[in-house]
Amino acid sequence: MKTIYLDNNATTQVAPEVLENMLPYFHELYGNPSSMHSFGGQVSKTIGEAREKVAALIGADPEEIIFTSCGTESDNTAILSALNLAPDKRHIVTSRVEHPAVKVLCEHLKEKGCRTTELPVDREGRLDMELFESSLAKDTAIVSLMWANNETGAIFPVEKAAQLTREKGILFHTDAVQAVGKIPINMRANSIDMLSLSGHKLHAPKGVGVLYVRKGTRFLPFLIGGHQEKGRRGGTENTASIVALGKACELAAYNMEKENTRVKYLRDKLENGLLKSIPNSKVNGDRTSRLPNTTNISFEFVEGEGILLLMDQYNICASSGSACTSGSLQPSHVLRAMGVPFTMAHGSVRFSLSVYNTEEEIDLVIEKLPPIISRLREMSPYWKAEGSVCGIRDTDTQ
Amino acid sequence: MWEYTDKVKEHFLNPRNVGEIENPDGVAEVGSIACGDALKLTFKLDENKRIKDAKFKTFGCASAIASSSALTEIIKGMTLEEAMKVTNQNIAEYLGGLPEEKMHCSVLGQQALEQAIANCKGAPAKEPGEEIVCECFGVTDREIERAVKENHLTTIEEVTNYTKAGGGCGNCHEKIQGIIDRVYAASKPEASKETKSRKLTNIQKIKMIEETIEREIRPSLKQDGGNVDLIDVIGNRVIVATRGACATCKASQFTLKGLVEYKLREFVSPDLVVDEEPS
């Protein structure tokens, strides 16, 4: 049975062209770009080309691109750089819905004596911009807000936020891991100081990322060692993956329109199809400002793990924000921050598409999922056929 | 992805006895939708007072559904006395084991069974004097105590895996530790006998109290931003003052009795009584 992969916000397949491009760098062109001989030196040239392609996708200059090992390293580097550069500034502004790469780091820094403001979001996952502005303080070292949310796809107005931040002389970082390659980004037209992206979210392999640092922005490296990346990130370059990321960015630029037309059409078809055929279902997150590939739907009174495992019977891959699948005992921090009631949060499923999905696949999910939900609901003590909650313990439902 | 046994998968995909029995002899509802697991169990007895039929409805993950299915299969044909002896271990074993983090699913089944039997016998579901320890998941001290005893749990993490207690805000970790300590202290009667027979001079007693506070009590209070100071010892009355977060904490009364007094009794003398310095 063919795999129907609708979990592209978790990771993506390496595109065939990308794989083909990177392979020679394992066994033929394995030289170290730092070497004096031309066997190694030629690889340095290819890395330069990859840097140009990444820069082109986000409207940046090549020298603003620092290759890292992943999105998490990029996020950590940006935030720690800002704090280390300004020892008198110990305040960080972020949001309650950030990826753990930012959220857990900020919690850690709070324990080490930093002050953090975690901005709340509304029911749709939106920021209150007035509250944001008022949270900026004299001792704010950095603002870190994600461009697009990995669970709901909701897009934050980071360019506007960066403008407000710039006016107060504060650094602005955005975790754009989910946004890059899915929506157009032009760093020349905004005032964001630092941006993180990750290769494996846009059809490059795992283990490569980028930190964009705007020209003129003060920066302290996180990995200290060799002169690689102009001394901004020590460590021998992951040449094959950097070449791959360059190719993937080129491909993403080429597919950008498709992403926002065909992928969006398939996402909307899936979303509307499921909402129509499954009662007591609801989309989580801002539908007006959202990534074209993501939908997060809650099916009331059932639990996400069961849904995923039953979909697995048909090789359909997706994710859930339920407690049982998160590895903790509480549902996703993003859905909780949005105030999604428990009856809904435990039964949330995220579908995230890519250009490789087909209409047949979407039709199959629309066909297979409704009976799965009905089956689990028949087992649920909270569900009655007519669609109302039965009387037990309804005080626990928020 | 969870590592489920084939038996768990099979019971999840083909659950036995889904539904609700009309006019049941025993019924129980445990868990809640907020916790992510809920189970409604109903059963019917035959003329020989054996469980003739049992049905369940479960909201929860695959292992919760499989545990419920296993439970109904296990208890069919049992007398109430036999069913009362069913433990969460029996449910887990029936399924060929559960991942450690999912053991609470089997505990949920055992709790439902216990409540349903109590309901059948007309007894109140909860024993008087039971106290909710974990407010996030509504777990009582008796439930934790039973899980600790029957599964030989020794750490807070294990208690969370088995009962969910402590898996939310974490405020009850101290209480859970207290219960674990209590269970194991009770199972070592020789040790406590020895402490009882010990005669201490006043100087020795004060010194030991100071040492115990420093070594056993202060580190765990400091983790939560609190502290405690020894003010005076009058006979067996130990007077302390709470500091930092403890001074303003609603649960500090519990800290005094459950942690300070408990530890001092364990390490110094079982006759000690801890009081807070009058403000």
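Conditions (1) more than 24 Å from A:GLU378 (Cα to Cα); (2) of a type in the set (Phe, Trp, Tyr); (3) in contact with a strand residue (DSSP E or B) (Cβ under 9 Å, 6 or more places away or on another chain), marked per residue:
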| site | (1), (2), (3) |
| --- | --- |
| B:GLU10 | no, no, no |
| B:LEU13 | no, no, no |
| B:VAL18 | no, no, yes |
| B:GLY26 | no, no, yes |
| B:LYS55 | no, no, yes |
| B:ALA83 | yes, no, yes |
| B:THR87 | yes, no, no |
| B:LYS102 | no, no, no |
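Rundown of residues vs (1) buried (at least 16 other Cβ atoms within 10 Å of the Cβ); (2) within 23 Å of the chain's Cα centre (by Cα); (3) modelled with pLDDT of 85 or more; (4) not in a loop (DSSP other than H, G, I, E, B), yes/no style:
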{"position": "B:ALA165", "(1), (2), (3), (4)": "yes, yes, yes, no"}
{"position": "B:GLN177", "(1), (2), (3), (4)": "yes, yes, yes, yes"}
{"position": "B:GLU210", "(1), (2), (3), (4)": "no, no, yes, yes"}
{"position": "B:GLU214", "(1), (2), (3), (4)": "no, no, yes, yes"}
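Among all positions in the range A:292-303, there is no residue which is part of a helix (DSSP H, G or I), away from chain B (no Cβ under 12 Å) and under 22 Å from A:ILE183 (Cβ atoms). Going through (1) assigned to a strand (DSSP E or B); (2) over 17 Å from the mean Cα position of the chain (by Cα); (3) under 22 Å from A:TYR5 (Cβ atoms) one by one, A:LYS282 falls short only on (3). Of the strands (runs of 3 or more DSSP E) lying entirely inside the range B:1-82, those containing at least 1 residues that are more than 8 Å from chain A (Cβ to nearest Cβ), more than 23 Å from the chain's Cα centre (by Cα) and free of Cβ contacts under 8 Å to residues at least 24 places away in the same chain span B:37-45.
Restricting A:ALA204, A:ALA154, A:ALA179, A:ALA148 to residues that are in contact (Cβ under 8 Å) with a residue 40 or more places away in the chain, in contact with a Gly (Cβ under 6 Å, 6 or more places away or on another chain) and buried (at least 24 other Cβ atoms within 10 Å of the Cβ) narrows the list to A:ALA154.
Anything in the range B:136-157 that is free of Cβ contacts under 8 Å to residues at least 24 places away in the same chain and assigned to a helix (DSSP H, G or I)? List them, or say none.
Selection gives B:ARG142, B:ARG146, B:GLU157.
Answer yes or no as to whether A:GLY273 is part of a loop (DSSP other than H, G, I, E, B) and closer than 30 Å to A:MET344 by Cβ. So A:GLY273 does not fit the description; no.
Of the residues A:ARG218, A:ARG267, only one is in contact with a strand residue (DSSP E or B) (Cβ under 7 Å, 6 or more places away or on another chain), more than 22 Å from A:LEU23 (Cα to Cα) and outside any strand (DSSP E or B); which? Before the answer, list the steps.
Details: A:ARG218 fails: in contact with a strand residue (DSSP E or B) (Cβ under 7 Å, 6 or more places away or on another chain).
Only one candidate passes the filter, namely A:ARG267.
Considering each residue of the range A:131-143 in turn, none proves to be within 21 Å of A:LEU353 (Cβ to Cβ) and modelled with pLDDT of 95 or more. Looking only at residues in the range A:330-360 that are within 12 Å of chain B (Cβ to nearest Cβ) and assigned to a helix (DSSP H, G or I), which one is farthest from A:ASP122 (Cα to Cα)? By that ranking, first place goes to A:THR343.
Counting only residues that are under 17 Å from B:PHE254 (Cβ atoms), among the β-branched types (Val, Ile, Thr) and assigned to a strand (DSSP E or B), the range B:216-235 holds 1 of them.
The values are calculated or read from the model by the stated rules, or taken from the named source; none is laboratory data. Since we're looking at a predicted model, the values are computed, not measured. Note that we place each Cβ from the backbone using ideal geometry, even for glycine, and neighbour counts take in every protein chain shown.
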